[in-house]
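First comes the structure, then the notes that go with it.
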Amino acid sequence: MLKSLENNPKALHMKYAALLVLSFLLSSFLQAQEKFTISGYVRDAKSGETLIGVNIVLKGTTTGTTTNPYGFYSLTLPAGNYQIVYSFVGYQPVVKEIALTANRREDIELKEENIELKEVVVTAEAADAAVKSMEMSVNKLDIKTIQRIPAFLGEVDIIRSVQLLPGVSTVGEGATGFNVRGGSIDQNLVLIDEAPVYNSAHLFGFFSVFNPDAVKDVKLIKGGIPSPYGGRISSILDVRTKEGNNKEFAMQGGIGAIFSRLTLEAPLIKDKASFILAGRRSYIDILAKPFLNNDLRNSRFYFYDLTAKVNWKANERNNFFLSGYFGRDVFGSGFDFNWGNATTTFRWNHLYSERLFMNFTAFYSNYDYLLGFRDSGVQGSRFDWRSNIINYSIKPDLIYYLNAKNTLRFGMQSILYDFRPGKAIITSADRTSDISLDSKYALETGIYLDNEQKINDQLTLQYGIRYSMFNYMGRGEAFTFGEAPPNTRRLPIEIRTYGQFETIRRYENLEPRLAINFSLSPTSSLKASYNRMAQYIHLVSNTAASTPLDIWTPSTNNILPQLADQIALGYFRNFRENMFETSLEVYYKSMQNQLDYIDNADLLLNRFLEGDLIQGIGRAYGMELFIRKTKGKLTGWISYTLAKSERKVEGINNNTWFPNRFDRRHNGNISLAYDLNKTWQFSANFIFQTGTPVTFPTGRYEVQGLIIPHNVENSRNNVRIAPYHRLDLSATRYNPKKKPNQRWESYWVFSIYNVYNRRNPFAIYFRQNPDNPVNTEAIRFSVVGSFVPAISYNFKY
């Protein structure tokens, strides 16, 4: 045959041509099947800050991705020519023409829009993110939104802003922390740059520990919690701080009625390294000193905090960050009382490839308080008590962008706990008594795998699993308690001593997670989620509101870890080109091993504390409505929560369900801001909440003229105090710029907190009438009993 072809040149040429065409077609087919990745970081063009949640979409399609919490994105596509749109609300979109024939790095900088008043936008994420994202039971607040909310004494506050969201409440003014969907405050994991904060409040709850000038992003996750998160059963509050301007020097701050703040940020190496340093200090003690008498002249009552961060872009594949928070409250007059948080976080972002991203985090966290008394009548006589909870942790977290339809996230975290419940020393003139409690140690480890999978244009799933293990270990003592009737003290029957790192008790749990997004239309979707969470540490507190003196304790051989299963279903709908965002969610959460206390429990410096603790079950269910307007002169939101939170503990309330101390049946919030012109902006909040439950006596005894209250039915939280409601107003005046390119900006904030002088009850207690001791009277205690006007001056350069 070959010989015949050689004798027929025309046939030979035709064969070569056919082979060439076949080779070209095969090459084209293989090329069409070959896929490449475009990846990079998206940053603010003015400051160099990475942007979280930027939409990256192929023009005219639904194919795309978003930047992760570190500003990185990766998108794998077949070879070809594309128009890729980078969009973020409040920024000018960027369209890139891409000829994708190989893996490609595209770092993008977005410029802020010059927005006219009629187009004011107060959210920093994709306009349709609420409908299209996998997240449900999630609320995000950027600093621009938080700054528009009227605040106590005119000071912008992160935690108070979070309390205006659906599903979030607090037991009252001046209370530390917040409650989410029927959970106690210790069931919220509060993070600053991934390090836990164990007391999130200054000044007994009036201000949060977060300096708003240093905060970049705030996200509250109430349900559908992804598997990378663990350790708490109610919510995650993830606060990310700014990285520092790597373009030019910048400064901002403010002078207020109670404290002042100053933030500095600048490049160390332009476009490669930068820092931010933010500090606050209250000065009410300095202002009050001239008005104090001799006995109180040495009183101390102030707080301060310092937030610092430095980052270095070593090369295209490696970024390094080092951040820290250091804050303290000092209070005392004839005694010493102070408390505070300290955290340090090291992060390393590394790109193994265009599709494999790693964030390695190591952190240190320390919360401590000190209480000391001196007897002025006896020289050298004093009492000192210090308590700490210290954490050390490492967490490698990897994201693998498998393809345009699947994003895998996997990793692990280990946390070493050092609980120091009380180092207490009593000193007198001739001797010293040490009544300290032993430290407790534990190691918590979590391993997780998560995948977000786009099944088709309508259906997207996110599913994952987390395996958690908790090892309660020595050095120290462990107790075995005997049996006792319900709601009575158990006494120790055996005490055993364990060596360093010797296991006392180990717990393991599997925590499945699932989220579903079903798109009904381009502007509406149905979402559902399920998560199981395990919590291995507990806050020991039986007061109406948490105090700085509350003690953290690990799960032990006597205290079981808390478990929660939550399901949620939601309908999400945007209107008028995403101007209005609406959502309606319902949820049900069941909780196991909820910590409670016997009557007359002894919680402070009690070696046998575990004998006074009891555990029961809990349940919480409700409906949350959220309507938000994000564009125009008038912006803000309306939220309403209808909820119920109950507990059932053997020996309490006759073994029947009773409402939690922080249960509020109705919780409504209105937060609005109106931009009148370029100079004036007005804001208002209105809050209405059902009163919290309290335990009242149902009878009384009279003994020799003394009235002794008695709860005949043995009921718990049998009465509700009066509803809480409050109106706040504020006006902001922006000082006009003298030159178009003037960098100095300043504004005044005038605010009135509790406008109509409402005396909201925090608690109610009973006493005998001084004039007629036979009669008892109820006394309403209000933390804020009048309206509070304030003025503050703020500047930015």
Using the charge dipole of the chain (Lys, Arg: +1 at Cβ; Asp, Glu: -1 at Cβ; taken about the Cα centre), state which of TYR91, GLY636, GLN500 has its Cα farthest towards the positive end. TYR91
In vacuo Debye sum over C-alpha of region 615-702, base-10 log of normalised intensity I(q)/I(0) at q = 0.12, 0.13, 0.21 Å⁻¹, listed in q order, is -0.58, -0.63, -1.01
What are the semi-axes of the equivalent ellipsoid of region 204-306, taken as the square roots of 5 times the eigenvalues of the Cα gyration tensor, listed largest first and rounded to whole Å? 33, 25, 9
Can you work out the Karplus-derived ³J(HN,Hα) for every residue in region 209-225? Use 6.51 cos²θ - 1.76 cosθ + 1.60 with θ = phi - 60°, whole Hz, and x for glycine or proline. 7, 8, 6, x, 5, 9, 8, 9, 8, 10, 9, 10, 10, 9, x, x, 6
May I ask you to evaluate 6.51 cos²θ - 1.76 cosθ + 1.60, the Karplus curve with θ = phi - 60°, for each residue of region 681-694 and list the ³J(HN,Hα) values in order in whole Hz, giving x for glycine and proline? 9, 10, 9, 8, 10, 10, 10, 9, 9, 4, x, 7, x, 9
Loop-resident chymotrypsin sites (Phe, Trp or Tyr not before Pro) in region 548-648 with no more than 13 other Cβ atoms inside 10 Å, DSSP not H/G/I/E/B, are none
Area accessible to solvent at ASP128, 1.4 Å probe radius, in Å²: 30 Å²
For the chain, what does the relative contact order come out to in percent, with C-alpha contacts under 8 Å and a separation of six or more? 10 percent
At 222 nm, what value in deg cm²/dmol follows for the chain if DSSP H runs of at least 4 each add -39500 (n - 2.57) and the sum is divided by all its residues, to the nearest 500? -1500 deg cm²/dmol
List every residue whose amide H lies under 5 Å from the amide H of ASN179, counting only residues 5 or more places away in sequence or on a different chain, with H placed 1.01 Å from N in the peptide plane. SER169, THR170
About the Cα centre, and with charges only on the beta carbon of Lys, Arg (+1) and Asp, Glu (-1), how big is the dipole of the chain? Nearest 20 debye, please. 1820 debye
Which entries in LYS678/LYS738; LYS132/LYS629; LYS247/LYS796; LYS219/LYS678; LYS242/LYS631; LYS59/LYS96 show an alpha-carbon gap greater than 21 Å? LYS219/LYS678; LYS242/LYS631
Rounded to the nearest 10, the angle in degrees between the Cα long axis of helix 9-33 and the longest principal axis of the Cα atoms of the chain comes to 10 degrees
Sites ASN451 and ASP107 - FRET efficiency at Förster radius 41 Å, r taken between beta-carbons, to 0.05: 0.95
Can you find, among ALA763, PHE580, TYR82, the residue farthest towards the positive end of the dipole of the chain? Put +1 on the C-beta of Lys and Arg, -1 on that of Asp and Glu. TYR82
With a ≥ b ≥ c taken as the square roots of the eigenvalues of the C-alpha gyration tensor of region 602-650, please select rounded if a/c is under 1.5 and otherwise prolate if a/b is larger than b/c or oblate if it is not? oblate
Computed FRET efficiency, Cβ-Cβ of ASN81 and SER521, R0 35 Å: what is it to the nearest 0.05? 0.70
Per residue convex hull volume, Cα only, region 541-688, in Å³ is 158 Å³
Would you mind computing Rg(Cα) / (2.2 N^0.38 Å) for region 566-628, counting N as its residues? 1.94
Lys/Arg +1, Asp/Glu -1 at C-beta; the chain dipole; positive extreme among PHE331, LEU277, TYR367: LEU277
How long is region 154-249 along each principal axis, judged by its Cα atoms, biggest number first, in Å? 46, 36, 22
Want the number for ALA429 to ALA528: 0.36 nm per residue separation, take away the alpha-carbon distance, what's left? 29.0 nm
A student asked for the Cα radius of gyration and Dmax of the chain in angstrom ought to give 29.8, 134
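The values are calculated or read from the model by the stated rules, or taken from the named source; none is laboratory data. No experiment lies behind these values; they were computed from the predicted model shown. Methodologically, a virtual Cβ is constructed for each residue, glycine included, from the backbone with ideal geometry; neighbour enumeration extends over all protein chains shown. Ligands, DNA and RNA are excluded from the accessible area calculation, which covers all protein heavy atoms including side chains. Shrake-Rupley method; radii C 1.70, N 1.55, O 1.52, S 1.80 Å.
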